[in-house]
Amino acid sequence: MPTIRMKAAANGDVVEVQALVQHPMDSGFVKDSAGNIISAHHIETLVFECNGKPVFSAFWGPAVSKDPYLKFAFKGAAKGDSISATWIDNFGKTDTGTAKIA
Amino acid sequence: MKTSALLLFLAISGATCSAASAASEASARASLAAAKSEEAKAIAAQAAWTATVTAISAADKALSAGDFETAQQQADEALALAKRSIQQAEEQKSVWRDAVVR
Amino acid sequence: MAIAIAAIAALRLMGAAPLFAADAASASRPDAERKAFQSFFFAKFPKVEKDDFGNGPYAVNAGMRKQWEEIMQFPPYDFALDEGQQAWEKPFANGRKYADCFENGGLGIRQTYPRFDAKTGQVETLDGAINRCRVENGEAPLAWETGTMASIIAYLAQTSRGKPFDISIPDDPRALAAYDRGKEFFYSRKGQLGFSCASCHVVASGERLRGDILAPALGILASFPIYRSDWGSMGTVSRRFTSCSAQTRAVPLADQDESYRDLEYFLSYMSNGIPITGPGTRP
Amino acid sequence: MRDEQAVSLETTRRMTLRLLAALGLYGIASPASADDAPGWPSSAFKANKQDDALKSLYGKNFELSDKVSLETPEIAENGAVVPVSVVAKLPNVTSISILVPENPYALAAYYKLPDGALPQVACRLKMAKTTKVIAVVESDGKLFAAANDVKVTLGGCGG
């Protein structure tokens, strides 16, 4: 299953993007039922690109909620253009998702 | 309400005191068996309380650790809790009707 | 038991008329009780639209509603919806599908569950029907509380959004008995804290219990399954019932225990007319 | 009544512990084993105090401005998921950061805005307890901020 869901909609010359990422965002302080600490596991960067250029970059610590949500807007793209999102977490794991601007 | 709570407290602490003075393995085992049998009745009546389960497992643990005083104390508490839970279910068999939205 | 069967047989021998009379009376009593139940909540929350009761605490508290509306811009159950649809459409090893077990292929039917099953004489929930379908097709049943079961019901609930609860109590004394047992469960105080379902969700509904706003019982199941922030995952009615039990410090019953199914039957029947809003989100 | 009160206090204490655990307020984090992602401002995110995080990110302080609007709930429905949104009416905004000073690490999120990005962002954050939330917007190299209070109460029943 893809970990990134994205909705991008153009309204005039502004594109509004909403993204939801499936990620535990473990804070590194919580103990499991056996009393062992669950290591911090969170997304560090989430970068959006459109037409080969970065349009928004998020840098996150463990205080961002589980299954994080982000909304932003930018100018310089049109309906039909493709937008990509790539996250990297502190374990070095990564995933990329794409969406067409509607 | 206050009086009955006080009486119950006295009853439990009374039981605990006598147990403390005469904590023996045989007595703790017998009390725990009685508590378990009462709790089985509560579970069958869908009336069981979580605190009873906690007390029974604490008694079990103390018993295998050779701490008969704690085992006795926890078993007595479990028995009292199991009895109260069954009593609650018995009372509710008629009392619930008073709460119905009409 | 033998006596009961004999009694029913005797009734049947006595002819249709008395049986009809009993049934007519039994069909109208729950109906009258439902009207009283709904009137209570309409009077308690005069500003809440009937169709909004399926949104629980968000229907009755403005501050909560605002946060919910923000969360609903991209609800966290979105992943479950996709998973649910995929799981629903994937054929069993024998080539048959879930859709073969349900009328209308299972779509748009969530509001008619739970149902009284005349064959077993018991209440069957949608969850139960899903697992029965699996077992009848040689598959292992799903776990009740979360995971694939929650995802599948999320998908099915979405196909029923806006359709009002439409639970029926057929002319069968066992159906009425199930409803009555559910009602007794709802109003009986349980657990060491001595709370009944009604303690929180009738009289105190709309008020704060620590940080939470208590949802009105009317329509309370319309939003299931839910993504609860506190769980960080999806949960079915089973998960909600067992966790409610535990919160009153009662030992939870087994998932889908007959008592919980009866309770779901009663609660859903009380909510007849309230539209399905599931899947939902809760704090 | 008396024993009921005792019971509810006990419940509250356990709920508190549970909430603190859930929000990461006790226990000790094990150090990250892998390398950090490129560009992730590690020392800012590892600062416990707001001032240290800001110093590390920007090397300067902010002034409060009504050109920055920060929207947060008055009472969080759940401290684990608090919707936060920031909109600035300022030119040439190059970054937005959101700080939660009462959290174990003050910096929650930092956003870099290239040319073309509108000066706004919305996300969902964890808050350990009742706290101020601060949004800092970098415009023309200067820092402007808005701050709100968010009440985080103990939940745990979920309505």
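Rule-based calculations on the coordinates, nothing more; no lab input. Since the model is a prediction, treat every value here as computed from it, not as a measurement. For neighbour counting, all protein chains shown are included, and Cβ atoms are generated from backbone atoms with ideal geometry for every residue, glycine included.
Assorted remarks:
- Counting only DSSP beta bridges whose two residues both lie in chain C, roughly 75 percent are antiparallel.
- Ratio of Rg to Rh for the stretch C:191-283: 0.93 [Cα atoms; Kirkwood radius as inverse mean 1/r over pairs].
- Largest first, the three principal axis extents of the alpha carbons in the protein assembly as shown are 88, 69, 52 Å in whole numbers.
- Phi angles across the stretch C:105-111 convert, under the Karplus curve 6.51 cos²θ - 1.76 cosθ + 1.60 with θ = phi - 60°, into 3J(HN,Hα) values of x, x, 8, x, 10, 4, 5 Hz, Gly and Pro given as x.
- From the alpha carbon centroid of the stretch C:35-59 to that of the stretch C:158-210 is 15 Å.
- With the gyration tensor restricted to C-alpha atoms of chain C, the semi-axes of the equivalent ellipsoid amount to 30, 26, 17 Å, longest first.
- 5 angstrom amide H check on A:Asp95, placed H, neighbours 5+ away: A:Trp87
- Counting all C-alpha pairs of the stretch A:43-94, share separated by more than 18 Å (%): 35 percent
- Scaled radius of gyration (Cα, divided by 2.2 N^0.38 Å) that the stretch C:131-248 gives: 1.20
- Radius of gyration, Dmax [the stretch C:87-139; alpha carbons; angstrom]: 11.3, 31
- Proxy reagent accessibility, fewest Cβ within 10 Å first, across C:Cys244, D:Cys123: C:Cys244, D:Cys123
- Mean partner shielding of peptide A:20-27, defined as the number of other chain Cβ atoms within 10 Å of each residue Cβ, is 4.
- Counting, for every residue in C:210-218, the Cβ atoms of other protein chains within 10 Å of its Cβ and taking the mean gives 5.
- For A:Phe56, the amide hydrogen comes within under 5 Å of the amide hydrogens of A:Phe48, counting only partners 5 or more places away or on other chains and with H modelled in the peptide plane.
- For residues of D:124-131, the mean tally of beta carbons on other chains within 10 Å: 4
- Charge dipole magnitude, Cβ of K and R +1, D and E -1 - the stretch C:145-274, Cα centre, debye nearest 20: 400 debye
- Amide H contacts for D:Ala108 (H built 1.01 Å from N in the peptide plane; partners 5 or more residues away or on another chain; cut-off under 5 Å): D:Ile98, D:Leu99, D:Val100.
- Taking all Cα-Cα distances within chain A, those exceeding 19 Å account for 44%.
- Gaussian network model of chain C, springs between alpha carbon atoms under 10 Å - residue of C:Leu267, C:Leu142, C:Leu193 with greatest fluctuation: C:Leu193
- Here the alpha carbons of the stretch D:71-130 define both size measures, Rg and Dmax, at 12.6, 36 Å.
- Charge tally around C:Leu126: other residues with Cβ under 12 Å, Lys/Arg +1 each, Asp/Glu -1 each, net +1.
- Straight-line reach from A:Lys93: taking Cα to Cα under 19 Å and skipping same-chain neighbours fewer than 8 places apart, the lysines in range are A:Lys66.
- The stretch D:46-152 - Debye-derived log10 I(q)/I(0), Cα point model, q = 0.11, 0.15, 0.18, 0.19 Å⁻¹: -0.30, -0.56, -0.81, -0.90
- Across all Cα atoms of the stretch C:65-109, the radius of gyration (one decimal) and Dmax (whole number) stand at 15.1, 47 Å.
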